[in-house]
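To start, the structure under review is shown below, and the notes come after it.
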Amino acid sequence: MDKNNSLPLTLVAILALSFIVYSQCLSFSFVNWDDNGFLGSALIQKPPFSNLNEIFLTHNTGRYYPLTFLVQQIQYFFFDFEPFYYHFTNLIFHFINIVLVFKIFGNLRVDKKVAGLIAFLFALHPLQVEAVAWVSSLKDLLYSFFFLWIIYIYTKQPQRQRYRYHLILIYFLALSAKINALSLPFLLILFDYCEKRKIHLSDWITKIPLFILAFVFVAIGLAAARSVRAFPLSAILPWIDRFWLSGYAACMYIVKIIFPFSLCNYYPLPAKIHGFFPPEIYIMSLLFFFSSVLMLKKLPHQPRVAFVAFLIMIFPCLHLTVINNCIIYERFVYLASLGIFFIMSFFACSILEKFPSKKARYLMRIFLIVYFCFLTISCFRRCPVWENSATLWTDVIKKRPDSPAGYFFRSSYYLEEKNWEAALRDINVALDLNPRYVPSYRNRAEIYLQTGRLHAALNDYKKILALDPGNKEAQRISKLITQRMKKAGHASPRRP
């Protein structure tokens with residue numbers, strides 16, 4: 001076989017295997033974890049391009065993803081609420097991103113075996129499933145596409161100056177898809193360093209338009225989040241806590257990339273007990289910081305650069321500026337994982353070449369084959385978790401039984417399906433775990449209303465008002481229930 005054809009054949013094989021693994025997603029439904037919120041919004045359900053001002057100039061959802069909203073608007077216009085086409089779009093973008101990753105490492109003159117392993121890991125690592133199988137993660141796939149496209153152009157040195165204005169436009173599109181693309185200018189500076197082994201002032205100057213765009217989008221994104229208090233913990237958590245949580249999250253991402261066990265779409269933010277986080281937060285955070293210093297000092301040049309690239313890309317996803325509801329989200333490492341994938345692939349190939357005995361190299365090959373088979377099978381088995389809301393939140397309940405989120409969202413699914421008994425059972429568990437969560441009382445009150453238990457429903461709305469006295473919806477519905485009870489001749493309920 002001609003060696004020149006080995007690269008395309010490798011890519012075709014990776015894409016074919018990816019299609020086998022991910023094609024099952026085409027039969028999946030939407031899930032009630034943002035899918036209904038985004039696609040059901042009035043912003044999306046308008047003719048394409050009819051409200052560009054509203055999409056780009058307003059941010060009443062608390063999220064600023066104008067290009068993603070525009071793509072979803074086009075999807076809705078042509079396909080309504082048919083999930084097949086939304087999942088198909090995600091798959092197409094993932095496959096394009098695989099090709100771009102493959103081509104980028106070819107531009108960087110990385111060893112062909114290393115490039116092939118990186119592309120394989122990017123395509124079929126089980127951590128990637130959330131970004132591909134979840135309809136609402138289109139934003140991650142979309143910004144990653146533009147992000148990788150820019151890197152592909154930038155790593156083709158003869159084209160770099162020719163397309164410098166195109167890069168600014170593509171970067172605008174990347175930021176419009178998701179603000180996490182803000183790390184790109186720093187990554188391009190890193191590429192400049194790799195070429196010259198030093199960074200000149202001109203390298204920073206040529207990136208000024210990109211830095212300005214990033215700054216503008218970050219300002220808009222933070223304003224959007226604050227306008228609806230999308231991240232309430234960001235206003236109250238001290239910086240020292242953010243430091244510990246960020247270190248722990250970064251360490252968790254690396255651990256999950258190398259050892260992808262017990263994956264879950266919901267990793268609750270750890271709670272403080274007597275003013276302190278659980279000990280593992282501090283231990284893993286310190287482990288990350290010390291090991292990072294060690295790796296930056298001891299790693300060979302290429303893996304060291306790859307680790308810095310990981311740090312640059314993961315930084316916007318940590319808790320230093322915005323405190324998310326979860327300590328980590330698997331989709332957040334869709335791109336950042338490339339840095340760790342490079343390190344893993346580099347050392348795997350280096351060990352194979354440097355082992356002195358044939359037997360040792362043979363055993364190493366077996367280990368790698370077993371590991372990559374494990375990843376592929378895990379990826380294949382992880383996909384059905386996203387089949388519908390019931391499978392998604394049942395998986396969360398199985399792995400996080402002490403978290404009320406799984407019970408709450410599964411109860412919401414059962415509520416939509418009019419399975420009142422199952423919905424009530426789950427919401428009662430959610431309230432036992434967190435008796436101060438207003439939406440849980442709202443769900444249970446709705447179940448009581450649908451089953452004719454007006455006294456119980458009114459009591460739950462009173463509990464909502466006790467927790468949130470300014471809740472106008474609870475005030476309005478409480479009055480309606482009281483009026484309905486009077487008309488029906490019900491006795492006044494006792495105070496809870």
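List, in the order given, every pair from K297/K359; K156/K207; K112/K156 whose Cα-Cα distance in the structure shown is over 26 Å.
From the list (K297/K359; K156/K207; K112/K156), the Cα-Cα distance tops 26 Å for K297/K359.
With θ set to phi - 60° and the Karplus curve 6.51 cos²θ - 1.76 cosθ + 1.60, what are the ³J(HN,Hα) couplings of the stretch 263-280 in order, to the nearest whole Hz, using x for Gly and Pro?
6, 7, 7, 9, 10, x, 5, x, 8, 7, 10, 6, x, 10, 6, x, x, 5
Between helix 472-488 and the chain, what is the angle of the helix's C-alpha long axis to the longest principal axis, kept within 0 to 90° and rounded to the nearest 10?
That helix lies at roughly 40 degrees to the long axis.
Using θ = phi - 60° and the Karplus curve 6.51 cos²θ - 1.76 cosθ + 1.60, what whole-Hz ³J(HN,Hα) does each residue of the stretch 174-183 get, with Gly and Pro shown as x?
4, 5, 5, 6, 6, 5, 4, 5, 4, 6
Within 10 Å of each candidate Cβ there may be at most 10 other Cβ atoms; applying that plus a DSSP loop requirement, which trypsin sites (Lys or Arg not before Pro) in the stretch 22-114 survive? Show your work: numbers first, answer last.
Numbers: sites: R63, K103, R109, K112, K113; in loops: R63, R109.
Those satisfying the criteria are R109.
Go through the stretch 256-307 and name the trypsin sites (Lys or Arg not before Pro) that are in a DSSP coil and have 16 or fewer other Cβ atoms within 10 Å of their Cβ. Walk me through the numbers on the way to the answer.
Values: sites: K256, K272, K297, K298, R304; in loops: K272.
For trypsin sites (Lys or Arg not before Pro) across the stretch 256-307 that sit outside H, G, I, E and B with at most 16 neighbouring Cβ atoms in 10 Å, the list reads K272.
From the P(r) of the stretch 3-386, could you give the percentage of C-alpha pairs in the tail past 40 Å? The partial results should precede the final answer.
On the way: 9799 of 73536 pairs.
Considering the stretch 3-386, 13 percent of its Cα-Cα pairs are separated by more than 40 Å.
Is there a quick way to get the dipole size of the chain? I mean about its Cα centre, with the Cβ of Lys and Arg at +1 and of Asp and Glu at -1; what is the value in debye to the nearest 20? Walk me through the intermediate numbers first.
On the way: 53 positive and 28 negative charges, 155 e Å.
Roughly 740 debye for the chain.
Compute the angle between helix 404-416 and the longest alpha-carbon principal axis of the chain, please, reported from 0 to 90 degrees and rounded to the nearest 10.
Roughly 70 degrees between the two axes.
Can you return the aspartates and glutamates within cross-link range of K139? Criterion is Cα-Cα under 16 Å, with same-chain partners fewer than 8 residues away left out.
Partners within reach: D34, D35, E130, E330.
In terms of modelled amide H atoms, which long-range or inter-chain residues lie less than 5 Å from the amide H of I327?
Y267, L269
Would you mind checking the stretch 315-330 for residues with the amide N under 20 Å from a putative spin-label position 7 Å along Cα→C-beta of E473?
325
Can I get the semi-axes of the stretch 26-143's equivalent ellipsoid? Compute them from the C-alpha gyration tensor as square roots of 5 times the eigenvalues, in angstrom, largest first. All intermediate terms of the calculation are to be shown ahead of the outcome.
Values: eigenvalues 192, 52, 27 Å².
Semi-axes (√(5λ), whole Å): 31, 16, 12.
Where a ≥ b ≥ c are the square roots of the eigenvalues of the C-alpha gyration tensor, would you call the stretch 350-494 rounded, which needs a/c under 1.5, or, failing that, prolate if a/b is larger than b/c, or oblate? Before the final figure, lay out each step's value.
Details: a/c = 5.39, a/b = 3.72, b/c = 1.45.
Cα axes put the stretch 350-494 in the prolate bin.
If the viscosity is 1.306 mPa s and the temperature 10 °C, what translational diffusion coefficient in µm²/s does Stokes-Einstein give for the stretch 271-402 when Rh comes from Kirkwood over Cα pairs? Walk me through the numbers on the way to the answer.
Values: Rh = 18.3 Å.
Calculated translational D: 87 µm²/s.
How would the stretch 208-337 be classified by its alpha-carbon gyration tensor: rounded, prolate or oblate, with rounded meaning a/c under 1.5 and the a/b versus b/c comparison settling the rest? Walk me through the numbers on the way to the answer.
Numbers: a/c = 1.70, a/b = 1.10, b/c = 1.54.
Here the stretch 208-337 falls in the oblate category.
Return the tail of the calculated pair distribution for the stretch 61-202, meaning the percent of Cα-Cα pairs more than 21 Å apart.
Numbers: 4881 of 10011 pairs.
Distances greater than 21 Å cover 49 percent of the Cα pairs.
Once you sort the root eigenvalues of the Cα gyration tensor of the stretch 402-488 as a ≥ b ≥ c, which label holds: rounded (a/c under 1.5), prolate (a/b larger than b/c) or oblate (the other case)? Intermediate results must be reported in sequence, preceding the final value.
Numbers: a/c = 2.41, a/b = 1.36, b/c = 1.77.
Since a/c reaches 1.5 but b/c is at least a/b, the shape of the stretch 402-488 is classed as oblate.
I'd like the Karplus ³J(HN,Hα) series for the stretch 186-192: coefficients 6.51, -1.76, 1.60, θ = phi - 60°, whole numbers in Hz, and an x wherever there's a Gly or Pro.
Karplus values, whole Hz, x for Gly and Pro: 5, 5, 5, 4, 4, 4, 4.
Would you work out the relative contact order for the chain, in percent, from Cα pairs under 8 angstrom that are 6 or more residues apart?
Values: 590 pairs, mean separation 82.2, N = 496.
Value for the chain: 17 percent.
For the stretch 362-431, which trypsin sites (Lys or Arg not before Pro) are in a loop by DSSP, counting at most 11 other Cβ atoms within 10 Å?
Values: sites: R365, R381, R382, K398, K399, R410, K418, R425; in loops: K418.
Passing sites in the stretch 362-431 are K418.
Hey, could you get me the Stokes-Einstein D for the stretch 8-82, Kirkwood radius over alpha-carbon pairs, 37 °C and 0.692 mPa s, rounded to whole µm² s⁻¹?
Diffusion coefficient, whole number: 227 µm²/s.
All of the numbers you see were taken from the coordinates with simple rules; none came from a lab. Values in this document were obtained by computation on a predicted structure and should not be read as measured data. Every residue, glycine as well, gets a Cβ built from its backbone with ideal geometry; the counts of neighbours run over all protein chains shown.
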